[in-house]
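These notes concern the structure reproduced below.
The values are calculated or read from the model by the stated rules, or taken from the named source; none is laboratory data. Everything quoted here is computed from the prediction, not taken from an experiment. Using ideal geometry, Cβ is built from the backbone for each residue, glycine included, and neighbour counts are taken over all protein chains shown.
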C-alpha cells in the first residue's frame, strides 16, 4: 500500500520543482504521475521535440526517491496537429465537429490521429522507457470523458462498415440479424450502411447497439496500440489507464485486458451531485459522498485489474465540475484513502499536488493551496502515510487480496441495450446495479464485481442485475457453481442481435427457471405495486418494471412473493431466484438477507452510514454517519488503526481472530 500524487511540472516555475519533490517525499508520497496533458510542451511544433524540461523534471523526482508514472499525452492533441488534420476532431450526432480549446478533442477512428498518436507514444516511450525513475506507465487520460466515445465522422462510418463485414460476413446475415425486412430497411451491401443518426424517428435498435459495440471496440483498439508501443520500449514496467467513476460508454473489461493495472479517478462528492440520488440522500451525504459509491467503483476495477488496482485521482477537497461543489468534512480524505486500501488498492494517488491558479480547473483543490501551503487534504494524506507504515510494520498480511463469497455481475452492453431499448424512460441499468450492490454492502458483505463471462466457482451468492443478453453457457456455469443466483427482471429477455428469444424470456435461463415471461410493463415513477412475501410478514413494493410470469401447470417453481393482483413477483427454482420487478430498497435488502442465509452466509444489517470491509486478516470499519459507532467483541490490542470508538468520518481496522 502506498500513496501517490498527480503533478504538472510544466505548470510551475522550475525553481519550485526540487522543493516540491522534497516535500512530497517527506509527506509520504512514493509515486508521481506526470505529463498526461503535456503534448504541446513535448512537441511544440511538428517533429520538433523539447525533451530538456521533462528530462530535468523526471530527474528531480527520481533524485528525491520518487517513482514516476509516465503518461502518454494523447488526451490533448495540440493546435498545430488539429490545423494540419481537421479530421481528428470528433463529429456529434448533428454532424458538427467538436472544436479545439479544451481536451479529448479527437476521434478514435481518425486514421490521422491514430498515426499521430503512434508517433508521439513511440517518441515518449523510446526516450523514457528505460529511465530508472520511470516505474509505471499510463495510457492517455480518462478515455471517453465529455461524451467522446461515439463519433459520427466519415472515418468512423467507414470503419464501422469494416467492423460489420468482420462480424456478419454477408449482408444477408446482417439483414436477418437486424430484422431489416421491417420498414423496408434492407441493404444490398455494407457500403450502404450509415451511422444510426438523423433518422425521422427511431433508428433500428440492432443497428444502434452494433454502433455502440463498434465504438467501444475502437477504444480498445486505440489503447492496445499504445500498450504495445510501451511494452516494446519499456519491458517489465506495468501499464495502467485511469478509468472514470460509473462510466459505461465502452467495455472496460476489453480495455483492461491489455493493461496490468486498472485505475480509476475517485470524486465522491462530485459524483453524488451528478448522479440520480434523491435530494434527501444528497443532503444527508453532502460532504461525505454515498457510503457505497466509491466502493462500487473500487470493486469494479479490482475485478478487472491483473495487479492490485489503483485510485489514480483521489478527491482531496472541493472540485470544480459539478453543479454544486461542497468541501469534504474533515476526515473524509483519510476515510476515502483507507476505504480504497480495504477494497484491495495498491496505490491511492491524490489529484493534485497544488491547486492551479489559472485555466479551467483553478477551483479544483489540491493537497496544497495555490500559495503552496498544505491544505486539509494534504494533512490527512500525511496521516494516512504514517498509518500505512504502522500497519505494514504490525501486520504482514496488510497487502493480502480481498476474498469475497458474494459476486455481482456487471455488464456494459446491458447499459447500452437498455438505453437504446428502454421501454420505460427511467430504466437505468447502472442505477439498478448500484442499488443491488448497495443492498449487499448494507448487509456487511464484501462483493466481487465480475463480467458475465467470469467463473462463478467459489461464490455462495451471485447477484445478477437485469441482464438482457445472457451468454449461452451461463446457465450451465450457474448450475455447476452450486451458488445461489439472483436474477433481476428482464434477464434473458433479448438475443445478442436484440431480438425477443424464440421461446420468450428468460431465454437461455429456462433450464434454471422453467417459466415464461409472456408480457411486460413499465411503471411511471409515481407508481408502486404492492408486494407480499408468502408465509412471512415481509411486504414492500415493486417499481419501474413488471415481468408477468407464466409458471405453467404442474410447475416446480416456488412462488415466494406476489403482487396485489396475484401475479408472481419473486420465484425460486432450486438455487436460482428471479425477481419480476425492481423492489424498493428495504425489500431488496430483506430478500437478499433471506437468500444469503439460505446460501450459508451470515448477513449483518449495518444501516445506511456504517460499512465494513475485510482484506486478509484485517477488518476495516468506516463511519459515514454523525454519531460515534462502538465496535463490540474486539480486544483493544487487536486494533491497528483507531479504536473501538469510531468517530464520525472515522476509520478503524483490527485483526480478525
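For the stretch 494-554, list the strands (runs of 3 or more DSSP E) that sit wholly inside it and hold at least 3 residues that are under 24 Å from residue 575 (Cβ atoms); which are they? Outline the logic, then answer.
Details: elements: 516-522, 528-533, 539-550.
Of the strands (runs of 3 or more DSSP E) lying wholly inside the stretch 494-554, those with at least 3 residues that are under 24 Å from residue 575 (Cβ atoms) span 528-533, 539-550.
Determine whether the stretch 84-93 contains at least one residue that is within 30 Å of residue 322 (Cβ to Cβ), buried (at least 17 other Cβ atoms within 10 Å of the Cβ) and touching a helix residue (DSSP H, G or I) at 6+ places or on another chain (Cβ under 7 Å). Show your work before the answer.
Step one: of the stretch 84-93, the residues within 30 Å of residue 322 (Cβ to Cβ) are 88-93.
Still in the running and buried (at least 17 other Cβ atoms within 10 Å of the Cβ): 88-91.
The next check asks that each one be touching a helix residue (DSSP H, G or I) at 6+ places or on another chain (Cβ under 7 Å); those that pass are 88-89.
Checking the stretch 84-93: at least one residue is within 30 Å of residue 322 (Cβ to Cβ), buried (at least 17 other Cβ atoms within 10 Å of the Cβ) and touching a helix residue (DSSP H, G or I) at 6+ places or on another chain (Cβ under 7 Å).
Within the stretch 598-607, can one find any residue that is out of contact with any helix residue (DSSP H, G or I) (no Cβ under 7 Å at 6 or more places or on another chain), modelled with pLDDT of 95 or more and not in a loop (DSSP other than H, G, I, E, B)?
Looking for residues that are out of contact with any helix residue (DSSP H, G or I) (no Cβ under 7 Å at 6 or more places or on another chain), modelled with pLDDT of 95 or more and not in a loop (DSSP other than H, G, I, E, B), one finds at least one in the stretch 598-607, hence yes.
Filter the stretch 636-657 down to residues that are touching a strand residue (DSSP E or B) at 6+ places or on another chain (Cβ under 8 Å) and part of a loop (DSSP other than H, G, I, E, B) and give me whichever is nearest to residue 402 (Cα to Cα).
In this case the residue turns out to be 656.
Just the residues that are touching a strand residue (DSSP E or B) at 6+ places or on another chain (Cβ under 9 Å) and in contact (Cβ under 8 Å) with a residue 40 or more places away in the chain, please, taken from the stretch 459-484.
Matches in the stretch 459-484: 459, 460, 461, 462, 463, 464, 465, 466, 467, 478, 483, 484.
Which numbered condition in (1) closer than 21 Å to residue 4 by Cα; (2) buried (at least 19 other Cβ atoms within 10 Å of the Cβ) is the only one that residue 144 fails?
(1) is the only condition that residue 144 fails.
Could you tell me whether residue 166 is closer than 21 Å to residue 104 by Cα and part of a helix (DSSP H, G or I)? Before the answer, list the steps.
Values: closer than 21 Å to residue 104 by Cα: no; part of a helix (DSSP H, G or I): yes.
Spelling it out, it is not the case that residue 166 is closer than 21 Å to residue 104 by Cα and part of a helix (DSSP H, G or I).
For the stretch 499-529, name all the residues that are surrounded by fewer than 22 Cβ atoms within 10 Å (Cβ to Cβ) and touching a residue at least 60 places away in the same chain (Cβ under 8 Å).
Selection gives 499, 520, 522, 523, 525.
Kindly provide the set of residues from the stretch 155-188 that are closer than 30 Å to residue 36 by Cα and in contact (Cβ under 8 Å) with a residue 60 or more places away in the chain, ordered by number.
155, 156
Kindly indicate the residue of the stretch 58-69 that is closer than 13 Å to residue 9 by Cα and within 32 Å of the chain's Cα centre (by Cα) and also surrounded by the most Cβ atoms within 10 Å (Cβ to Cβ) among those meeting that condition. Reasoning before the result, please.
In the first step, residues of the stretch 58-69 are kept if they are closer than 13 Å to residue 9 by Cα; the result is 58-61, 68.
Now drop any that are not within 32 Å of the chain's Cα centre (by Cα), which leaves 58, 61, 68.
Numbers: 58: 24, 61: 26, 68: 24.
So, considering only residues that are closer than 13 Å to residue 9 by Cα and within 32 Å of the chain's Cα centre (by Cα), the one surrounded by the most Cβ atoms within 10 Å (Cβ to Cβ) is 61.
State all residues of the stretch 623-635 that are over 20 Å from residue 298 (Cβ atoms) and not in a loop (DSSP other than H, G, I, E, B); if no residue qualifies, say none.
Within the stretch 623-635, 629, 630 qualify.
Please go through the stretch 5-24 and give me each residue that is touching a helix residue (DSSP H, G or I) at 6+ places or on another chain (Cβ under 9 Å) and under 22 Å from residue 240 (Cβ atoms), ordered by number.
5, 7, 9, 10, 21, 24
Please list, ordered by residue number, the helices (runs of 4 or more DSSP H) wholly in the stretch 15-132 having 1 or more residues that are over 30 Å from residue 214 (Cα atoms). Steps first, please.
Details: elements: 17-27, 39-42, 52-63, 79-84, 111-128.
Helices (runs of 4 or more DSSP H) meeting the threshold: 17-27, 39-42, 52-63, 111-128.
What number goes with the only condition from (1) outside any loop (DSSP other than H, G, I, E, B); (2) in contact with a helix residue (DSSP H, G or I) (Cβ under 8 Å, 6 or more places away or on another chain); (3) over 25 Å from residue 245 (Cα atoms) that residue 471 does not pass?
Going through the list (1) outside any loop (DSSP other than H, G, I, E, B); (2) in contact with a helix residue (DSSP H, G or I) (Cβ under 8 Å, 6 or more places away or on another chain); (3) over 25 Å from residue 245 (Cα atoms), residue 471 breaks only (1).
Counting residues that are touching a residue at least 24 places away in the same chain (Cβ under 8 Å), surrounded by 16 or more Cβ atoms within 10 Å (Cβ to Cβ) and over 24 Å from the mean Cα position of the chain (by Cα), which helices (runs of 4 or more DSSP H) fully inside the stretch 341-442 reach at least 3? Explain how you work it out, then say what you get.
On the way: elements: 376-394, 412-420, 429-442.
Those helices (runs of 4 or more DSSP H) span 376-394.
Residue by residue, here is whether (1) within 26 Å of residue 456 (Cα to Cα); (2) within 32 Å of the chain's Cα centre (by Cα) holds:
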| site | (1), (2) |
| --- | --- |
| 511 | yes, yes |
| 517 | yes, yes |
| 539 | no, no |
| 545 | no, yes |
| 557 | yes, no |
| 567 | no, no |
| 595 | yes, yes |
| 602 | yes, yes |
| 616 | yes, yes |
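Between 620, 578, which is in a strand (DSSP E or B), farther than 18 Å from residue 435 by Cα and touching a residue at least 60 places away in the same chain (Cβ under 8 Å)?
Details: 578 fails: farther than 18 Å from residue 435 by Cα.
After ruling out the rest, the residue left standing is 620.
Could you go through the stretch 307-320 and let me know if any residue there is touching a helix residue (DSSP H, G or I) at 6+ places or on another chain (Cβ under 9 Å), under 16 Å from residue 144 (Cβ atoms) and assigned to a strand (DSSP E or B).
Within the stretch 307-320, not a single residue is touching a helix residue (DSSP H, G or I) at 6+ places or on another chain (Cβ under 9 Å), under 16 Å from residue 144 (Cβ atoms) and assigned to a strand (DSSP E or B).
Is it fair to say residue 616 is farther than 30 Å from residue 476 by Cα, modelled with pLDDT under 95 and either buried (at least 16 other Cβ atoms within 10 Å of the Cβ) or touching a helix residue (DSSP H, G or I) at 6+ places or on another chain (Cβ under 8 Å) (or both)?
Details: farther than 30 Å from residue 476 by Cα: yes; modelled with pLDDT under 95: yes; either buried (at least 16 other Cβ atoms within 10 Å of the Cβ) or touching a helix residue (DSSP H, G or I) at 6+ places or on another chain (Cβ under 8 Å) (or both): yes.
So residue 616 fits the description; yes.
Taking the conditions exactly as written (touching a strand residue (DSSP E or B) at 6+ places or on another chain (Cβ under 6 Å) and either at pLDDT below 95 or not in a strand (DSSP E or B) (or both)), does residue 445 satisfy them or not? Walk me through how you get there before you give the answer.
On the way: touching a strand residue (DSSP E or B) at 6+ places or on another chain (Cβ under 6 Å): yes; either at pLDDT below 95 or not in a strand (DSSP E or B) (or both): yes.
It is true that residue 445 is touching a strand residue (DSSP E or B) at 6+ places or on another chain (Cβ under 6 Å) and either at pLDDT below 95 or not in a strand (DSSP E or B) (or both).
Of everything in the stretch 320-334 that's surrounded by fewer than 24 Cβ atoms within 10 Å (Cβ to Cβ) and in contact with a strand residue (DSSP E or B) (Cβ under 9 Å, 6 or more places away or on another chain), which residue is farthest from residue 242 (Cα to Cα)?
Our first condition is that a residue be surrounded by fewer than 24 Cβ atoms within 10 Å (Cβ to Cβ); within the stretch 320-334, this holds for 320-327, 329-331, 334.
Pick out the ones that are also in contact with a strand residue (DSSP E or B) (Cβ under 9 Å, 6 or more places away or on another chain) and you get 331, 334.
On the way: 331: 25, 334: 21 Å.
Among those residues, the one meeting the criterion is 331.
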